[in-house]
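Trainee: Here you go, one structure.
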Amino acid sequence: MEKVRRASHAGSWYFDNPTKLSEQLEEWLRLCGLTKSGDVRGIIAPHAGYFYSGRTAAYAFANIDPSNITRVFLLGPSHYCVTSNCALSTATVYETPIRNLHVDLEVNEQLKATQKFELMDIHVDEAEHSMEMHLPYIAKVFEGREVKIVPILIGALSEENQAMYGQILSKYVDDPNNFFCVSSDFCHWGLRFKYVDYVKEHGPIYKSIEALDKLGMDSIESGDPDTFRQYLSESKNTICGSRSISVFLHMLRNCSTKIKIEFLSYEQSNQCRTIRDSGVSYASAAAKIDGSSSI
């Protein structure tokens, strides 16, 4: 019996009209001017409302060549549910206005068998937006093709658990039929986010935020989870999906396929100039087989 996870943010965070949504995504993907590549095995993309981050997200999803991909893993941070573990969906189908996407129950069972994963209550699943905001793009990019999804909610993981989950999931990276969508926004700046670090030498506040985020992107592009951890420790940057990114970096460290991350787009929701302002940064990256050499 099907258990459907509703598209709970459709109609508010993005269009609920299938035609309007499909046309909007198609236009953003086209404007990127990127060529799809079978060497791209994963992406990092934002998860805010499409008005704010939809264009940036397109720079990640435009890289995907769906030809050989049959399964998409989603790694999304938990904004509402307090857990120190990762959690799997209890739904069998995820709804999107474009088309519904089916959960890969076989892989879900494999992950459950490790006894390291919790199960997400359907109400928690529907309240969370971090993975939902990637689903319409997946539905669009894989239009006319069969693809299953494996949603994984990333909790407030310790450094030890980030490495542990990365180790568990790393074997799936070596299968070219698998793809990975890592969900994260970047700096959340302003009093309402309790983060107002500012280096005056960079000029206006928004330029200081950009410099901070660029250092973070550099640390992620290094491919080394320890370098990224050190950056977070020193900068305290409010990257909400930092643990999702860290798990992904541990996956790449432990798999046999050599993969390199490259950032392709960066935007801010607002150019902060005074302490009264606030804004969120968005960045998109592609994780590509390095030198086209795999296992």
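The values are calculated or read from the model by the stated rules, or taken from the named source; none is laboratory data. All values derive from a computational prediction rather than experimental measurement. A quick note on method: Cβ atoms are made from the backbone with ideal geometry, for glycine too, and the neighbour counts reach across all protein chains shown. Protein only, heavy atoms only, side chains kept; ligands, DNA and RNA dropped before computing areas. Shrake-Rupley method; radii C 1.70, N 1.55, O 1.52, S 1.80 Å.
Trainee: Among all the lysines, which ones have a C-alpha under 30 Å from Lys36's C-alpha, if same-chain residues fewer than 8 places away are not counted?
Mentor: Partners found: Lys20, Lys140, Lys148, Lys171, Lys214, Lys258, Lys260, Lys288.
Trainee: Students often get this wrong: which residues of segment 70-87 have the backbone nitrogen under 20 Å from the point 7 angstrom along Cα-to-C-beta of Thr257?
Mentor: Of the residues in segment 70-87, 70-76 have backbone N under 20 Å from the label point off Thr257.
Trainee: Per residue of segment 111-127, what does 6.51 cos²θ - 1.76 cosθ + 1.60 with θ = phi - 60° give for ³J(HN,Hα)? Whole Hz please, x for Gly and Pro, Karplus curve as stated.
Mentor: Ordered by residue, 3J(HN,Hα) equals 6, 4, 5, 6, 6, 10, 10, 8, 10, 7, 5, 4, 6, 5, 4, 6, 6 Hz.
Trainee: Looking at segment 40-195, send over the antiparallel percent of its DSSP beta bridges, to the nearest 5.
Mentor: Restricted to segment 40-195, the bridges split so that about 20 percent are antiparallel.
Trainee: Quick check of the Kirkwood formula: for segment 111-204, what is the inverse mean of 1/r over all pairs of different Cα atoms, in Å? Before the final figure, lay out each step's value.
Mentor: Values: mean 1/r = 0.0594 Å⁻¹.
Kirkwood radius, segment 111-204: 16.8 Å.
Trainee: If I model a spin label as a point 7 Å beyond the Cα along the Cα-Cβ vector, how far apart are those points for Ser67 and Val196 in nm?
Mentor: 5.4
Trainee: Where does the chain land at 222 nm, in deg cm²/dmol rounded to the nearest 500, when only DSSP H runs of n ≥ 4 count, each adding -39500 (n - 2.57), divided by all residues? Don't skip to the answer; put the middle values down first.
Mentor: Values: 9 runs with 104 residues, N = 295.
The helix-only estimate for the chain comes to -11000 deg cm²/dmol at 222 nm.
Trainee: What FRET efficiency would be calculated for the residue pair Glu27, Ala113, taking the C-beta separation as r and a Förster radius of 41 Å, to the nearest 0.05?
Mentor: Calculated value: 0.45.
Trainee: Can you give the Rg to Rh ratio of segment 1-135, both from alpha-carbon atoms, with Rh computed by the Kirkwood formula?
Mentor: Result for segment 1-135 is an Rg/Rh of 0.96.
Trainee: Of the accessible area of the chain, with the probe set at 1.4 angstrom, what percent is carbon plus sulfur?
Mentor: 47
Trainee: Still on this model: Please report the net charge: other residues with Cβ closer than 10 Å to the Cβ of Asn100, K and R +1, D and E -1.
Mentor: Taking every other residue near Asn100 into account, the sum is 0.
Trainee: Determine the per residue accessible area of the chain with all protein chains present and a 1.4 angstrom probe, expressed in square angstrom.
Mentor: Here the per-residue accessible area is 44 Å².
Trainee: Shifting gears a bit: In segment 195-295, how does Rg compare with the Kirkwood Rh, expressed as the Rg/Rh ratio over alpha carbon atoms?
Mentor: My calculation of the ratio gives 1.03.
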